[in-house]
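Following: one structure in structure tokens, then a few remarks.
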Amino acid sequence: MGHLLAIDLGTGSCRAVVFATDGRQLAIGQREWSHAALPGFPGSQVFDTEHNWRLICDCIREALAAGGAQGGVGQPVAGMGPAMDMHGGSRAGLSIVHVARGCHMWSNGKGMAAVVNLTMPHNGRLAIDNRDLDGHRLIQTKGPKVAIARPALKMSQSTVLVFRKPGLYRFKTVSFELPGMPEIKTQGPDHALFLIVRVK
């Protein structure tokens, strides 16, 4: 079984949460932190990168150990990155975007994430377009069967998913290099982004 690791950095604490690929939360690691004021600037906050990075690593180790996902060869972490919740009407849109060398994300025009949780009504339509430099293959991993007219999206291509039945749908993307493009390492060891759609 693969695992997903989400990391949340807040004002007063950081946390790492391990999920099973079916969406169940398995474990959490959390540490509180505080930020000293910049001398001469009351009310300001300075992020202590070195100290806080150690706290983040502690959260990750704690969550992986408690969730049974050590990140080793036998129990890989399938993906890591921020998650985004979306509540769509009968139509919604997502793009796969190139963020920086070594990273791509989902984008809805307002935010970006490696994992998207989307809620839609039945018969809802989700348009997905690829704005990344790599190609991306969309694979359904769970839920009532959805016809994917164009599962392999090259740069600037799009597809539309129609959710005819209520239920829980899961998808992942796997990137592939396009001819003539330099190799670009993408987020996650298997180059995957994750999409969870709850249809009412």
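The values are calculated or read from the model by the stated rules, or taken from the named source; none is laboratory data. Worth saying up front: this structure is predicted, and the values here are computed from it rather than measured. Here the Cβ is made from the backbone with ideal geometry for all residues, glycine too, and neighbour counts use every protein chain on show.
Tally time: how many residues in the stretch 154-183 are hydrophobic (A, V, I, L, M, F, W, C), modelled with pLDDT of 90 or more and within 17 Å of residue 95 (Cβ to Cβ)? Give the steps one after another, and end with the answer.
The initial filter retains those residues of the stretch 154-183 that are hydrophobic (A, V, I, L, M, F, W, C), namely 155, 160-163, 168, 171, 174, 176, 178, 181.
Next cut, modelled with pLDDT of 90 or more only: 160-163, 168, 171.
Of the ones still in play, those that are also within 17 Å of residue 95 (Cβ to Cβ) are 160-161, 171.
Of the residues in that region, 3 qualify.
Enumerate the strands (runs of 3 or more DSSP E) found wholly within the stretch 104-170, keeping only those where 1 or more residues are in contact with a His (Cβ under 9 Å, 6 or more places away or on another chain) and hydroxyl-bearing (Ser, Thr, Tyr). Outline the logic, then answer.
Working: elements: 115-120, 124-131, 135-142, 158-163.
Counting at least 1 such residues, we get 115-120.
Look through 113, 92 and report the one residue that is modelled with pLDDT of 90 or more and either under 24 Å from residue 176 (Cα atoms) or not hydroxyl-bearing (Ser, Thr, Tyr) (or both).
Details: 113 fails: modelled with pLDDT of 90 or more.
None of the others qualify; the one that does is 92.
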